[in-house]
Amino acid sequence: MNSMEKTREFLKSIGMPAGDAYDLPTSEKRFNDGAQYRFEVPGIQGPGAMKALLEAVDNYGITIHRVTQTKGIMFLLDSEIEEMVKLAKEAQVQLILAIGPRATTDTSASVNTPEGQRMGYRLRGMEQVVRAVEEVKRGVAFGVKGFMVYDEGCLWLLNEMRKAGELPADIHFKLSAHTGHGNPCSAHLLESIGANSFNPVRDYQLQMIGAIRQAINIPLDLHTENPASSGGFIRHYEVPEIVRVAAPVYLKTGGSVAKTHSWDSTADDAKKRAKQVVLVKRMLDTYYPEAVASPKGSIEC
């Protein structure tokens, strides 16, 4: 047995896949309601766009399960948070708000340099960690139950606070693709420190998805399309296989409408995002009609 084979054997011995899953096995894992997939629409930065999105999906007669704001809680007025929570309750969707501040809004310019871009949106210094916790506490005070996390240490702390009763036991921590993780070992680590759903890097291929599904039980959040700033690629025809291999999975749809991450979507942009959900649902109905979607109102894992 050569050195690489020994490594693969050890990985299997600790419950990890020995390599990428080129055989593309069907995932037997499911959401707690028995479904394989749900729809998430990201990049909805405020109540105006959220209202337009929810009205559009109702007009199309389709169901979405999660709405994600990516710009950051610190950019929302109290009244805007209250309105988004109200809209989410009325529409029976999960609302995820992004935690800030992040590296891009820190006093350091490092993240704006070619070398510094590698740090992503991670937090620099303990004061930024404390401020991130304040973001979560502010959201919780207005009834927000879901938060998008960009830093592994922050995730660990928030989970410790949740376990200790300092934060509600039923809040959801979603790990962003912008943390830059893309392998089963990283995914397993993040699940172990409190992630309730995991978004790998955006260009994750099917055989990689198959391997990561073997390593974790929490839902995967996978982009069906992307803004121009992160490639602009559209994966609609791959979605049936993504659902089969990745279940349970949130299909993050509508990103191609935006030019950049944290794009300030207008009401018209939100309607275009709703149309993208319809197009992806058509792919599933045509090429994987037996796939099971969660009914409206399914929020918990």
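Values computed for the structure shown
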| item | result |
| --- | --- |
| Test result for residue 133, open to solvent by 20 Å² or more (accessible area, probe 1.4 Å) and either part of a helix (DSSP H, G or I) or among the polar types (S, T, N, Q) (or both) | no |
| Leading residue by the ranking (modelled with the lowest pLDDT) among those in the range 178-188 that are in a helix (DSSP H, G or I), open to solvent by 10 Å² or more (accessible area, probe 1.4 Å) and farther than 20 Å from residue 31 by Cβ | 178 |
| Hey, residue 251 closer than 24 Å to residue 26 by Cα and in a helix (DSSP H, G or I) or not | no |
| Residue list for the range 40-51, restricted to those being surrounded by fewer than 24 Cβ atoms within 10 Å (Cβ to Cβ) and not small (Gly, Ala, Ser) | 47, 51 |
| Residue among 166, 191 that is more than 16 Å from residue 103 (Cα to Cα), under 15 Å from the mean Cα position of the chain (by Cα) and open to solvent by 10 Å² or more (accessible area, probe 1.4 Å) | 191 |
| Test result for residue 160, open to solvent by 40 Å² or more (accessible area, probe 1.4 Å), of a type outside the set (Val, Ile, Thr), at pLDDT 95 or above and assigned to a loop (DSSP other than H, G, I, E, B) | no |
| Subset of the range 170-205 that is in contact with a Lys or Arg (Cβ under 6 Å, 6 or more places away or on another chain) and of a type in the set (Gly, Ala, Ser) - its residue that is nearest to residue 260 (Cα to Cα) | 177 |
| All positions within the range 268-295 that are in contact (Cβ under 8 Å) with a residue 60 or more places away in the chain, closer than 10 Å to residue 239 by Cβ and open to solvent by less than 20 Å² (accessible area, probe 1.4 Å) | 280, 284, 291 |
| Hits in the range 202-240 (condition: closer than 17 Å to residue 179 by Cβ and assigned to a loop (DSSP other than H, G, I, E, B)) | 202, 203, 204, 216, 218, 219, 226 |
| Residue in the range 52-71 that is open to solvent by 50 Å² or more (accessible area, probe 1.4 Å) and either in contact with a Leu (Cβ under 6 Å, 6 or more places away or on another chain) or among the aromatic types (Phe, Trp, Tyr) (or both) present | yes |
| Positions within the range 97-128 being open to solvent by less than 60 Å² (accessible area, probe 1.4 Å), more than 23 Å from the chain's Cα centre (by Cα) and modelled with pLDDT of 80 or more, in sequence order | 113, 125 |
| Residue in the range 257-267 that is surrounded by fewer than 19 Cβ atoms within 10 Å (Cβ to Cβ), outside any strand (DSSP E or B) and among the basic types (Lys, Arg) present | yes |
| Close pairs (9 angstrom Cβ cut-off, 6 or more residues apart or separate chains): on the phi > 0 side of the Ramachandran plot in the range 208-225, crowded, with 24+ Cβ neighbours inside 10 Å and of a type in the set (A, V, I, L, M) anywhere | none |
| Residue selected from the range 206-235 under the condition closer than 25 Å to residue 34 by Cα and open to solvent by 40 Å² or more (accessible area, probe 1.4 Å), by the criterion nearest to the chain's Cα centre (by Cα) | 217 |
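The values are calculated or read from the model by the stated rules, or taken from the named source; none is laboratory data. Please read all numbers here as calculations on a predicted model, not as lab measurements. A quick note on method: Cβ atoms are made from the backbone with ideal geometry, for glycine too, and the neighbour counts reach across all protein chains shown. Only protein heavy atoms, including side chains, enter the accessible area calculation; ligands, DNA and RNA are left aside. Shrake-Rupley method; radii C 1.70, N 1.55, O 1.52, S 1.80 Å.
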